[in-house]
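Each remark here refers to the structure printed beneath this line.
The values are calculated or read from the model by the stated rules, or taken from the named source; none is laboratory data. Here the structure is a predicted model, which is why all the values come from computation and not from measurement. Because the Cβ atoms are built from the backbone with ideal geometry, glycine has one as well, and the counts that use them run over all protein chains shown. Areas reflect the complete protein model, heavy atoms only, side chains present, ligands, DNA and RNA absent. Shrake-Rupley method; radii C 1.70, N 1.55, O 1.52, S 1.80 Å.
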Amino acid sequence: MNTAATDNLAGPRAAAARYDAARVRADFPILATRVHGRPLTYLDSAASAQRPLAVLRAVEQYETRTHANVHRGVHALSQAATAAYEGARERARRFINARSVREVIYVRGTTEAINLVAQSWARPRLGIGDEILISALEHHANIVPWQMVCEQTGCTLKVAPIDRRGEVIQEEFLKLLSRRTRLVALAHVSNALGTVLPIQQMIAAAHAHGACVLIDGAQAVPHLRVDVQALGADFYAFSGHKLYGPTGIGVLYGREELLDAMPPWQGGGDMILSVSFEKTTYNELPFKFEAGTPNISGSVGLAAAMDYLEGLGIEAVAAHEQALLQRATAELERLPDLTLVGTAPHKAAVLSFTMKDVHPHDLGTILDAEGVAIRTGHHCAMPVMTFFGLPATARASFACYNTFEDIERLLAALRRARAVFA
Ligand code: PLP
């Protein structure tokens with residue numbers, strides 16, 4: 001029987017069993033670090049993932065052999081830098097299956113991408129009587145830019161509620177859609193709870209009401225294969241640093257007709273064709289939205305990160321992460337005084353939890369002393385915390401390099417914390 005047939009029969013469990021996390025781990029030099037004299041157990045990849053050597057080397061190679069400013073130089077280095085920068089854009093296009101590189105705008109990250117759409121698509125179009133619909137799961141980056149547009153234009157923000165499992169209540173979401181809904185902005189995966197939203201059907205429902213849809217894919221691209229054409233999203237935003245790439249680089253995908261019709265967001269070099277004091281004409285896509293010298297080495301690192309993740313196989317990584325998530329969920333449920341927050345059946349590799357009578361920050365500090373790095377706080381999703389009546393949670397998140405041993409270390413550290421606060 002060939003491997004493909006075995007895969008079909010045994011599915012994700014077999015893929016997860018074959019996955020060699022120890023070998024993957026060796027690609028990430030930082031994971032060999034010791035923290036407070038203990039081996040580092042890094043469980044904070046939802047905040048920022050670590051970078052493999054392949055990414056670090058690609059950036060170093062660019063910086064040591066190729067760097068110059070892009071687009072404006074006739075000299076060899078500038079042309080090589082431009083080729084690297086534009087080659088990386090083509091890599092990003094393939095990664096999300098956009099139709100054209102004109103639909104791939106480099107940004108600093110998800111936050112900047114959403115603000116770009118808010119100011120350049122929404123602000124000029126929306127007014128009193130119009131509505132923007134988001135969900136109660138959103139990161140602040142997918143709330144505040146829309147509140148700003150509401151203040152600027154007089155339009156109204158509507159919020160689809162979630163249930164106690166941390167899922168968007170689909171009937172309520174559908175009820176909130178109307179001909180007044182001009183824009184729907186949704187997370188693909190919740191950073192606070194890990195919930196994967198059924199965005200394909202939500203996008204279709206929004207489109208049926210004539211609304212435009214932006215998807216915040218910051219937590220999705222490291223864990224799921226994203227095909228923007230298959231999803232049908234009008235805009236899709238993500239950050240390089242959650243995808244094993246550098247900070248300060250990300251992508252806004254937008255459908256070309258929409259981007260074409262939008263005014264530039266920032267003015268300056270590179271986004272123009274000609275400038276006089278009487279009139280400036282703007283550059284074509286995607287450059288119209290990329291004013292100033294961009295993050296060139298970041299784009300190179302981002303492309304290397306995409307190569308790396310696809311080299312491992314996104315599906316293989318996802319299957320491994322799901323196996324970790326299932327084991328960790330089962331083990332944490334057994335711990336006394338520990339409550340999981342966010343129990344949707346369809347989740348990405350995030351576990352939010354609280355320990356009875358222990359503030360999450362104290363928990364995080366005790367775990368840190370054991371070398372276990374988790375995140376504690378509101379995870380830039382204060383409304384989610386308010387919904388659950390909590391000031392904060394502790395959050396462990398998994399990535400391609402985490403192992404079952406990491407879960408054992410997390411459990412041991414949690415038991416120690418329980419003993420300290422007993
Ligand atoms: N949206 C989600 C779901 C996130 O998890 C994050 C970061 O945590 C963001 C948006 C913002 O991403 P960035 O800070 O890279 O712009």
(message) For the chain, what does the helix formula give at 222 nm: sum of -39500 (n - 2.57) over DSSP H segments with n ≥ 4, over the residue count, nearest 500 deg cm²/dmol?
(response) -12500 deg cm²/dmol
(message) If you fit an axis through the alpha-carbon atoms of helix 404-420 and take the longest principal axis of the Cα set of the chain, what angle between them do you get, 0 to 90°, nearest 10?
(response) 70
(request) Using label points projected 7 Å from each Cα along Cα→Cβ, tell me how many nm separate Thr64 and Asp260, to one decimal. (result) 4.5
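Could you tell me the convex hull volume per residue, in Å³, taken over the Cα atoms of the range 92-227?
109
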(message) Between helix 53-65 and the chain, what is the angle of the helix's C-alpha long axis to the longest principal axis, kept within 0 to 90° and rounded to the nearest 10?
(response) 40
(request) Could you tell me what percent of the accessible area of the chain is made up of carbon and sulfur, with a 1.4 Å probe and every protein chain present? (result) 53
(message) For the chain, compute Rg over Rh where Rg is the Cα radius of gyration and Rh is the Kirkwood radius from the inverse mean 1/r over Cα pairs.
(response) 0.98
(message) Roughly how far apart, in whole Å, are the Cα centres of the range 123-145 and the range 228-292?
(response) 20
(request) Given the peptides 321-331, 28-38, arrange them by the average over their residues of other C-beta atoms within 10 Å, most packed first. (result) 321-331, 28-38
(request) Considering only protein heavy atoms, with the full assembly of protein chains and a 1.4 angstrom probe, order Val159, Val221 by accessible area, largest first. (result) Val159, Val221
(request) Counting only C-alpha contacts under 8 Å and six or more residues apart, can you give the relative contact order of the range 36-164 as a whole percent? (result) 15
(request) Using DSSP, restrict attention to beta bridges with both residues in the chain and report what percent are antiparallel, rounded to the nearest 5. (result) 60
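Counting only heavy atoms of protein chains, what accessible area per residue, in Å², does the chain have with a probe of 1.4 Å?
With all protein chains present, the chain gives 42 Å² per residue.
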(message) Let me check against my output: what whole-number percent is the relative contact order of the chain, with C-alpha pairs under 8 Å and at least 6 apart?
(response) 23
(request) Calculate the length of the line joining the C-alpha centroid of the range 345-387 to that of the range 35-55, in whole Å. (result) 17
(request) Using the charge dipole of the range 1-142 (Lys, Arg: +1 at Cβ; Asp, Glu: -1 at Cβ; taken about the Cα centre), state which of Ala113, His71, Ala136 has its Cα farthest towards the positive end. (result) His71
(request) Go through 117-124, 72-79, 12-19 and give me the packing order, highest mean Cβ count within 10 Å leading. (result) 117-124, 12-19, 72-79
(request) Whenever you get a sec, line up Asp27, Asp216 from highest to lowest accessible area (probe 1.4 Å, protein heavy atoms). (result) Asp27, Asp216
(message) Quick check: the angle from helix 314-334's long axis to the longest principal axis of the chain, C-alpha only, nearest 10 degrees?
(response) 40
